[in-house]
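Here, each number is a calculation from the coordinates, and none is a lab measurement. A quick note: this is a predicted structure, and the numbers were derived from the prediction, not measured. Glycine gets a Cβ as well: all are built from the backbone with ideal geometry, and neighbour counts include every protein chain shown.
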Amino acid sequence: MSRREFLKLLLATLTSIPLSACADALDLQPPLQPTDIPPAADPSVAPQNAAPDTPLMLPTASAGSNSAPWDVIVVGAGVAGLCAAQTLQQKGRRVLILEARDRIGGRIWTDNSAGIPLDLGASWIHGVRGNPIAAVADQQGATLVFTDYDDMQRFDAAGEKLSGDLDRRVEMLLDRYIERAREYAESQNHDLSLQSALDAVLRAYPLDIHDMRLINYAVNTAVEHEYAADSDQLSAWYFDTQKEFDGNDAIFKRGYRTIVDFLAQNLDIRLNHVVQRIVSSNSRVALIAAQGVWHAQTALITVPPGVLQRDGITFEPPLPAARQQALGRIGMGVLNKCCLIFPEVFWDDATLLGYVGERKGEWAEWLNVNALLGAPVLIGFNAGAYARTLETQSDAQIVAAAMHTLRRMYGNTIPNPSDYRITRWAADPFAFGAYSFLAVGATPEDYDTLAQPVDNRLFFAGEHTQRDYPATVHGAYLSGKRAANEILRLLK
Ligand SMILES: Cc1cc2nc3c(=O)[nH]c(=O)nc-3n(C[C@H](O)[C@H](O)[C@H](O)COP(=O)(O)OP(=O)(O)OC[C@H]3O[C@@H](n4cnc5c(N)ncnc54)[C@H](O)[C@@H]3O)c2cc1C
């Protein structure tokens, strides 16, 4: 059973219980640094700044770029872009991918530099039954390792292991209070944040300090980590309205990169090509990077919403207002990982370790990689505001903060990590966050709006364009399929 399924099932079964009954010497790896955006394309190949009602002049293709128009140029070699490009190429279309990074995969990023496949972006196939990513994994014979979220050892703030009773209480409090918050939100005539709704319920049914810690921990690990946003950002009406696949969650034994490499086979991908401007006319589209100008019949833009929200690409003419407004409403969340590689295993066998600390949202959940892959690695997760705060700190400070919590849990004699990997997804210039979420004021229709083509010339894919399964790898994959089919219908 997946974590989301687990949460929903509990919600369904517990709603009838009355609320009154109730009361997470280092070999330094350089941090991820923002990559410099290349200078503007050579003005001699740049389009003229046309007035809105003046026909736009397309820049001419320059040396180093291909002057023969492609059928489709895909911007971004994440799962959405790779899936779309494969689909189009297999139908005989001429496809080129321009990718800003020096690697493919985007928010799938398996780091093998420590000799262990560490997924610094996505880790799990969420729900393997009917999931297209599970089908691709099956097709290529990838080995999956299933995760049991019930296999959890929690600790209190003093580092004592939580008893079975307190473990059950965490889940009971979460389900009752989230459900009551949901009911409260639905009784309001405007959307509000999940935290505002929870606060209203907590005012009516106050909790003592111990139960407050439990519910803060539960909201952080079960909701904020899942949606990569703080509960005071999430829409109480819509935060969890997406669909899910059944079945267990699974990770890839050799890392998520397995899927990416498979999808990238035989594609023409130009790395280190940051698309800066996209200029469309009635007949074609021009994509401008520092290296030159590329022309195509259509462009498929798969860059993350964080990049679009910061105008990382200039569109000429500008994108429709409805689209910009939808982009402004959805949120781009943050979830970061701190992978600590130890000389030896000193922790429990449980798949997940939870820390119910004094302060909400700080180092509350750890993945025991030893339980899944047999490697002496713990991965600490942080989301939302705390994750953004940590990003401003040095690697040494982040590792020290992580170790402070682990020493609370396992004592002062545990060894320092021998190596580590730290993500900073909010600062990543080709993502500006981990994945999208429905912020207060946003609705699921916003995902539909972001999926709409513009003038049958510009097409869009990516997790943020998939209303049913946003914020996931399978959502990105399905969006790539959908966009490829839209283009194929047009080009036939
Ligand atoms: C820490 C973390 C954990 C996650 N965990 C899971 C999980 O367990 N399971 C799950 O299903 N999902 C998870 N996700 C979400 C999942 O990774 C994403 O939803 C999915 O990978 C998005 O794919 P995409 O193709 O839409 O975007 P991306 O993978 O971001 O691809 C977009 C590409 O566009 C490129 N690009 C950006 N700007 C430009 C430009 N100007 N020019 C050219 N190229 C550009 C980027 O470099 C990138 O390669 C996680 C994400 C993160 C960050």
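Which condition does Val74 not pass, out of (1) within 27 Å of Arg489 (Cβ to Cβ); (2) under 18 Å from the mean Cα position of the chain (by Cα); (3) not acidic (Asp, Glu), if it passes all the others?
With (1) within 27 Å of Arg489 (Cβ to Cβ); (2) under 18 Å from the mean Cα position of the chain (by Cα); (3) not acidic (Asp, Glu) applied to Val74, the lone miss is (2).
Being away from the ligand (no atom under 13 Å from the Cβ) and either over 15 Å from Pro453 (Cα atoms) or surrounded by fewer than 24 Cβ atoms within 10 Å (Cβ to Cβ) (or both) is the filter here; which residues of the stretch 286-304 pass it?
Ala286, Gly292, Val293, His295, Ala296, Gln297
Can you tell me which residue in the stretch 96-140 is farthest from the ligand (Cβ to nearest atom), limited to those that are polar (S, T, N, Q) and under 18 Å from Ala476 (Cα atoms)?
Looking at residues that are polar (S, T, N, Q) and under 18 Å from Ala476 (Cα atoms), I get Thr110.
Would you pick out the residues in the stretch 452-475 that are within 12 Å of the ligand (Cβ to nearest atom) and under 18 Å from Val72 (Cα atoms)?
Of the residues in the stretch 452-475, the ones within 12 Å of the ligand (Cβ to nearest atom) are 460-466, 469-475.
Residues satisfying the conditions are Phe460, Ala461, Gly462.
When you go through Ala137, Ala122, Ala114 one by one, which is the residue that is surrounded by 14 or more Cβ atoms within 10 Å (Cβ to Cβ) and either over 20 Å from the mean Cα position of the chain (by Cα) or at positive phi (or both)?
Ala114
Would you confirm, using the coordinates I've provided, whether Leu390 is part of a helix (DSSP H, G or I), over 15 Å from the mean Cα position of the chain (by Cα) and within 16 Å of the ligand (Cβ to nearest atom)? Spell out how you get there, then give the answer.
Numbers: part of a helix (DSSP H, G or I): yes; over 15 Å from the mean Cα position of the chain (by Cα): yes; within 16 Å of the ligand (Cβ to nearest atom): yes.
Yes.
Looking only at residues that are part of a strand (DSSP E or B) and more than 8 Å from the ligand (Cβ to nearest atom) in the stretch 419-435, which one is surrounded by the fewest Cβ atoms within 10 Å (Cβ to Cβ)?
The residue in question is Asp419.
Can you give me the number of residues within the stretch 231-273 that are of a type outside the set (Val, Ile, Thr), over 18 Å from Ala471 (Cα atoms) and not in a loop (DSSP other than H, G, I, E, B)?
5
Restricting to the stretch 74-89, count the residues that are more than 10 Å from the ligand (Cβ to nearest atom) and either among the β-branched types (Val, Ile, Thr) or surrounded by fewer than 24 Cβ atoms within 10 Å (Cβ to Cβ) (or both).
Kept after step one, since they are more than 10 Å from the ligand (Cβ to nearest atom), are these residues of the stretch 74-89: 85-89.
Restricting the remaining residues to those that are either among the β-branched types (Val, Ile, Thr) or surrounded by fewer than 24 Cβ atoms within 10 Å (Cβ to Cβ) (or both) gives 86-87, 89.
Residues that pass the stated criteria total 3.
Filter the stretch 305-327 down to the residues that are within 15 Å of the ligand (Cβ to nearest atom) and in a loop (DSSP other than H, G, I, E, B) and list them by number.
Once the filter is applied, which keeps residues that are within 15 Å of the ligand (Cβ to nearest atom) and in a loop (DSSP other than H, G, I, E, B), the stretch 305-327 yields Arg310, Asp311, Gly312, Ile313, Leu319.
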